[in-house]
Amino acid sequence: MFYRHAWYRVWKPARPLSINEERGDNVAVYSFPIVTGITAAFLGLLHVILAGYVIASRLKNGISLGDGGNYELNQRIRMHGNLAENAPIFLILMGLVELTGAHSLIVGCLGPAFVVCRLSQALGLSPAQPAGPNPFRFVGSAGSFICQVILALTLLLTLAPHLSSW
């Protein structure tokens, strides 16, 4: 289905497009989770940028495995690793919530918020930052966890009415 404005395609929740009643199928065909896809694209680009940041440090310091005791390389590895650890579960939760079609505002707000939190986390772990706690790292970590908790609870609350039929 074609929509005139691009923003409408992004903010329109995933919902059943059709049920093939002619053949007696009772299977809904869902639209693609666009907001999750856009969020995944931005996180994928950030992942590649952070991986390049690690590779540049490895080449600069001549370290091929581990961090070789190098503080800068260790920080860059953690910047990349933190994204790799948090993004997959967030995207899975976000995609599932978007596919329910019930909470498009939550999905539309949490996707960009998570990307900003991951950028903040990476900035907080930057070798230019002093060791120890800093506001960028706190906002990135806390914000990412809050986004994941909201999505997990939203998914559970959305699915709760269907659990009684198990």
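The values are calculated or read from the model by the stated rules, or taken from the named source; none is laboratory data. Since the structure is predicted, the reported quantities are computational estimates derived from the model, not experimental observations. Here Cβ is always computed from backbone atoms with ideal geometry, including for glycine, and neighbour counts include all displayed protein chains.
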From the residues in the range 46-83 that are within 29 Å of A113 (Cβ to Cβ) and basic (K, R), which one is surrounded by the most Cβ atoms within 10 Å (Cβ to Cβ)?
R76
If you check N86, N134, which single one turns out to be modelled with pLDDT under 95 and either hydroxyl-bearing (S, T, Y) or surrounded by 20 or more Cβ atoms within 10 Å (Cβ to Cβ) (or both)?
N86
Is the range 135-151 home to any residue that is over 20 Å from the mean Cα position of the chain (by Cα) and over 18 Å from E72 (Cα atoms)?
yes
